[in-house]
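Here the structure comes first, spelled out in structure tokens, and everything after it is commentary.
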Amino acid sequence: MNKKTRSKFSVSVISISALLALASALLIAPAFFASKAGSVTKVPAGKALGYYDIRQDKGASDKIAGFRARSGRSAVNVQAARDEMARGQSELKQKVPTARVEYNDTMHIPEVIGPDPTQGRASLTGQANSSRAETLRSFAKENSTLIGVGDAQADALTVTTDYTNPKGDLSFASLEQHINGILYFRAR
């Protein structure tokens, strides 16, 4: 064999050996650096994980205060927001004396807003010349202090329901709030 052929053969063998070593390393390396991100913790039979909400945890007030402090808020800010909702409720009751607002037990925000059925038939909006969803959106804008949604946020709400039942005596409209494409918790 001459020197040129021998050197070409040596380069080819070395190149193939290096490629095989690299391919082997790429195939074997993940076994040494495996992630546990996809692993699932098994819950023992008969022990289901319970629902946990920090706002319902009586012993978590210090944690909540810490979260508020880190976000630049305090209990004063929370009370100011609740006072604003109470002012909004008073404003609504001035317009619609039969209005009734039921607050959520956990977050203390308006959950149900409607006329008090014990005081006879009434309407919160009067005659509407638009769709139910747009009427609801307008109501949210007009009562922003009660609901806590500004005009721009109300305009961005997504319509999820707008229909009348088959009997034609009850209609429904629902709007949802999304932030960065994610449904905002209890924003319906």
Label model pair A69, V13: point-to-point distance (7 angstrom along the Cα→beta-carbon line) in nm is 7.1
Could you rank the peptides 106-114, 142-150 by their average count of other C-beta atoms within 10 Å per residue, with the highest value first? 142-150, 106-114
Debye calc, one equal point scatterer per Cα of the range 126-188, no solvent, log10 I(q)/I(0) at q = 0.17 1/Å comes to -0.61
Quick one: what Rg and Dmax do you get for the range 57-124 from the alpha carbons, in Å? 15.9, 48
Under a 5 Å amide H to amide H cut-off, with H placed in plane at 1.01 Å, what residues pair with T161 once short-range neighbours are removed? S174
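Just need the relative contact order of the range 126-188 here, percent rounded to a whole number, with Cα pairs under 8 Å and 6+ apart.
On the way: 74 pairs, mean separation 17.1, N = 63.
27 percent.
Estimate the FRET efficiency between D105 and I179 by the formula 1/(1 + (r/R0)^6), using the beta-carbon distance for r and 22 Å for R0, to the nearest 0.05.
Numbers: r = 24 Å, r/R0 = 1.09.
Taking R0 as 22 Å, the efficiency between D105 and I179 is 0.40.
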In nm, give the distance between the simple-model label positions of R121 and Y163, each being 7 Å from the Cα along the Cα-to-Cβ direction. 2.5
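No value in this document is a laboratory result; all are computed from the given coordinates. From a predicted model like this one, the values you see are computed outputs, not experimental measurements. Heads up, the Cβs are rebuilt from the backbone with ideal geometry, glycines too, and the neighbour counts pull from every protein chain shown.
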